[in-house]
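What follows draws every value from the coordinates through simple rules; no lab data is involved. Remember, it's a predicted structure, so these values are computed and weren't measured experimentally. Cβ sites come from the backbone with ideal geometry, for glycine too, and all protein chains shown count toward neighbours.
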Amino acid sequence: MNRFDEVRRRQFLGSALALVATGTLASCIGNKERASGSPAGSGAGRVKDPVAFLRTSWSTDPFARCSYSYLAPSSLGSRARTLLAAPVAGRLHFAGEATSSEAPSTAHGALESGRRAASEIIDIAEAGEHILIIGAGFAGLGCARALADEGFEVTILEGRDRVGGRIWTRHLAGVPAEMGASWIHGSKGNPMTKVLKETGDASYTFDYDNSTGGDEDAAEQLADYEKRLDDVEDPDTATVASVMPRKPSAALRTALTINYACEYAAEPHQLSVTATLEGRDPKGPDLLLPGGYNRLINTVRDGLPVRTEEVVTGVRYDTVEVSVTLAGGETIEADHAVVTVPIGVLKAGAIHFEPALPDAKQEAITALGAGVLEKLWLEFPTVFWDPEVDVIEWYDPENPGQWPWWVNGYKVFGKPVLLGLNGGDHARALDHLSDDNVVDSAMTALRHMHA
């Protein structure tokens, strides 16, 4: 299997952790009646205006500042994740997808990291000690659940007005529109698959190869260039772009966007070669969740109380205890604290640590990138696209890489819904546009696709 096929097989689109509340915008267009619709063929004349949409803007969300992490070029290589995960002073612990060496940038990586941090505490703490958890995503809730089950006193602090973090299920056309993570990646042997079974919900096996609109010539070109990645002398410091042409064709630029910016949430010049190799090899198909990812969040939480709208601004620690300061001025003391905020929040210095984090920890934060993958959900009166495919790819010669990858919601949910994705530079550019401009941009692409 060549590198191109491997990348296609293990796409992480929508992970994150991505993969995001204050920075996410949602709107309805007009007061048109929503209709379930039915396949209506193709053609630009059949492309109708959407009746509703939901949009993300993770890079502008102060509680995320990114969709998920990526490995930037540095001398640390993949050690950046283990250094970020390492506890400090035996009292301050770290979890989240960015700390996962086995499954970075994924929801199950976040869950595993929270359980790993809980195990660290259980091994050294005394029964009944008080543990503060900062963040109520899969990492925080997974950690809190494991600790509570062992009899520890747990306080969960969440800056948002909801739980879930970069897992956020909304609804459009009566179906779950995942604003953050969408897939269970590599479902065989995946702890998230076990959580899914506990919910009793169904799943949809996603077929990345059941697609239309792809450019085979560009894919072959990309595969040829990617073979050179195996010969890079220092994959930790070399970028993916270092083996690519300086001026790729428009078609190749689109292929690069789909396979890097829309998978790793970063451009080839931002990614180390090691970034394409880290993590365990996923087994089994990727799954979508027709019942919604929020059902899994609630299962992991299992009734644990969460203090929402509690923004942590400072953490003081020593070898005896930890104290956390909230935006409202309250200070909470505990025996241990677990920090699960996204890498974007750590890089922005939104939490003041006293004393400052060790140099190795700060170097790890610098070495990890804060990637951006954005989503636009569109609901239409009827289906005008191929109703049988899972994926719709788009190559725009005038703006290569924008709106390059779409999920056919009709195939999954039976409703006239499309999900468009943008990653890397394109995603960041769209984040600063108005709702109308983003929707207009997407509709221009769809009309050209179906001309």
Peptides ranked, highest mean first, by Cβ atoms within 10 Å: ranges 192-201, 384-393: 384-393, 192-201
Ranked packing of 240-250, 367-377, most packed first, by mean Cβ within 10 Å: 367-377, 240-250
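Would you mind ranking Arg295, Arg145, Arg307 so that the residue whose beta carbon has the fewest other beta carbons within 10 Å leads the list?
The most exposed by this proxy come first: Arg307, Arg295, Arg145.
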Label-point separation, Ala356 to Glu233 (7 Å along Cα→Cβ), nm: 3.4
Pairs of lysines in the chain (C-alpha under 14 Å apart; 8 or more residues apart or interchain): 4
Net charge of Cβ neighbours under 11 Å - reference Val163; Lys, Arg +1; Asp, Glu -1: +2
At R0 = 60 Å, FRET efficiency that the Cβ-Cβ distance of Asp318 and Glu388 yields, to 0.05: 0.45
